[in-house]
Amino acid sequence: MTTSTAATGQLSTSAAEVYDAFFVPALFGAWAGPLCDAAKVIAGSSVLDVACGTGATTREAARRAGDAGQVTGLDRNDGMIAVARGHGAGITWVEGRAESLPFSSGSFDVLLCQFGLMFFDDRAAALGEMRRVLRPGGRIALSVWDSASNSPGYAAMIALIEEMFGDQAAGALRAPFVLGDPADLAAVLDAGGLGGAQVTTRTGTARFASIRDWVRTDVRGWTLADFIDDAGVEALVASAERQLGQFVGPDGGVVFPAPAHIATWEKGVPEA
């Protein structure tokens, strides 16, 4: 994985399987409900989930939209889509790019994007495409991680990885947090035509069964997948067990805050 592919969050199918089995329950799954709440997904909604990953938010949207709704998940990563198709009956899965959505203008009531905006090649173009395919009166809801400094476990892990493996590997783990500064997020939203979007910061929690599970999930299921080999994983586990014990509870589980920003925007209805 090059720096550019790390920055775009690309994964192999095997890494996507690790992501789905470990990251979704540890971190991402808990945000599906709040994002659907922010988007006001209701029965009968037509929903597009952009950068859907393995479909945690897409499936929650489908549950809320019900049989009368239509829900589509789109991701540029064929590995993610392959895993999503394995447990998302009744959902349309599409491999495609956010910067060039393969849908007609005004096709959807709701646009969702959970933790994907940071990885788009052209964020303004992607947001413009989301606006285009949203019907008048429709709603966009997207989430990005708060700054790494506000997620102490990840701040510590980034520092440890930089010490052990260098800046390029550490940069891959910094990538999900690049829009954590509210001013940076607002600038991206404005550039994409979502000026006036409402942004709220919500608390969240990362939970891993152990230090080993945490390291394995980050290295084998996300942006570090091709930076650290098996020997490196073992070395990182040993160092993390020595240096990051403050995040480990009595049961051996890892718990630390992982806050995020949720932005919502409504498309105006043209005056008659």
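The values are calculated or read from the model by the stated rules, or taken from the named source; none is laboratory data. Keep in mind the model is a prediction, meaning the values are calculated, not measured. Every residue, glycine among them, receives a Cβ derived from its backbone with ideal geometry; neighbour counts consider all protein chains shown. The protein model used for the area step is the full one, side chains on, heavy atoms only, and it has no ligands, DNA or RNA in it. Shrake-Rupley method; radii C 1.70, N 1.55, O 1.52, S 1.80 Å.
Quick notes on this structure:
- Contacts under 7 angstrom Cβ, first residue in region 191-220 being hydroxyl-bearing (Ser, Thr, Tyr), partner open to solvent by 40 Å² or more (accessible area, probe 1.4 Å), 6 or more apart: Thr203/Pro257; Thr205/Val255; Thr205/Pro257; Thr217/Phe22
- Residues that are within 26 Å of Arg220 (Cα to Cα) and open to solvent by less than 40 Å² (accessible area, probe 1.4 Å), drawn from region 246-266: Phe247, Gly249, Gly252, Gly253, Val254, Phe256, Ala258, Pro259, Ala260, His261
- Checking Gly138, Gly153, Gly128 one by one, the residue that is under 20 Å from Ala38 (Cβ atoms) and either at pLDDT 95 or above or among the small types (Gly, Ala, Ser) (or both) is Gly138 and no other.
- Condition check for Thr72: surrounded by 19 or more Cβ atoms within 10 Å (Cβ to Cβ), under 14 Å from the mean Cα position of the chain (by Cα), at pLDDT 95 or above and among the polar types (S, T, N, Q): no
- Screening Val188, Val269, Val178, Val199 for residues that are under 30 Å from Leu134 (Cα atoms) and exposed (fewer than 15 other Cβ atoms within 10 Å of the Cβ) leaves exactly one candidate, Val269.
- Ala169 vs. criteria in contact (Cβ under 8 Å) with a residue 12 or more places away in the chain, farther than 17 Å from Arg76 by Cβ and of a type in the set (A, V, I, L, M, F, W, C): yes
- Test: residue in region 151-161 that is free of Cβ contacts under 8 Å to residues at least 60 places away in the same chain and open to solvent by 70 Å² or more (accessible area, probe 1.4 Å): no
- Annotation: Thr58 fulfils all but one of (1) polar (S, T, N, Q); (2) part of a loop (DSSP other than H, G, I, E, B); (3) open to solvent by less than 10 Å² (accessible area, probe 1.4 Å); the unmet one is (2).
- Within region 108-146, the set of residues being in contact with a helix residue (DSSP H, G or I) (Cβ under 6 Å, 6 or more places away or on another chain) and over 28 Å from Ile42 (Cα atoms) comprises Asp122 only.
- Counted residues, region 142-176 - those being within 18 Å of the chain's Cα centre (by Cα) and among the aromatic types (Phe, Trp, Tyr): 2
- Summed over region 26-42, residues that are within 19 Å of Val254 (Cβ to Cβ) and open to solvent by 20 Å² or more (accessible area, probe 1.4 Å) total 2.
- Residue in region 12-25 that is at pLDDT below 80, closer than 30 Å to Lys267 by Cβ, open to solvent by less than 50 Å² (accessible area, probe 1.4 Å) and touching a helix residue (DSSP H, G or I) at 6+ places or on another chain (Cβ under 6 Å) present: no
- Yes/no for Gly153 being touching a strand residue (DSSP E or B) at 6+ places or on another chain (Cβ under 6 Å) and either in a helix (DSSP H, G or I) or on the phi > 0 side of the Ramachandran plot (or both): yes
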